Amino acid sequence: MLDKQDAATNIEQKLCEREKEVLKCLSSGMNNQEIATELYLSTGTVKNYVSSILSKLEVRDRVGLVLYALKAGI
């Protein structure tokens, strides 16, 4: 199990800036459409970013991503 510092380090090292923005929106409870509107992206692009984040952080689903982000202090 990752601690807060490990989670934060993984996010910092593995994700690009845009992926971090998407993750921050996810952790605040936004859905894909809301994220797309907030970040001026298409919903398809948001889905691609979410899939990429899931893969890079080795997390199974969106709920896991939110928990991961909260653990990291996002």
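Every number here is computed from the coordinates shown, using simple stated rules; none is lab data. The shown structure was predicted, so the numbers you read here are calculated from the model rather than taken from an experiment. Don't worry about glycine lacking a Cβ; one is built from the backbone with ideal geometry, like all the others, and counts go over all protein chains shown.
Being touching a Phe, Trp or Tyr at 6+ places or on another chain (Cβ under 8 Å) and on the phi < 0 side of the Ramachandran plot holds for only one residue in Glu12, Glu38, Glu34, Glu19, and it is Glu19. When region 53-66 is filtered for residues that are over 14 Å from Asn10 (Cα atoms) and without any contact (Cβ under 8 Å) to a residue 40 or more places away in the chain, the ones remaining, listed by number, are Arg60, Asp61, Arg62, Val63, Gly64. Among the residues of region 9-23, those identified as under 9 Å from the mean Cα position of the chain (by Cα) and part of a helix (DSSP H, G or I) are Ile11, Glu19, Lys20, Glu21, Val22, Leu23.
Considering region 23-52, and only residues there that are among the hydrophobic types (A, V, I, L, M, F, W, C) and without any contact (Cβ under 8 Å) to a residue 12 or more places away in the chain, the residue that is nearest to Gln5 (Cα to Cα) turns out to be Met30. When Glu12, Glu21 are checked against the criterion of being surrounded by fewer than 15 Cβ atoms within 10 Å (Cβ to Cβ) and not polar (S, T, N, Q), a single residue qualifies: Glu12.
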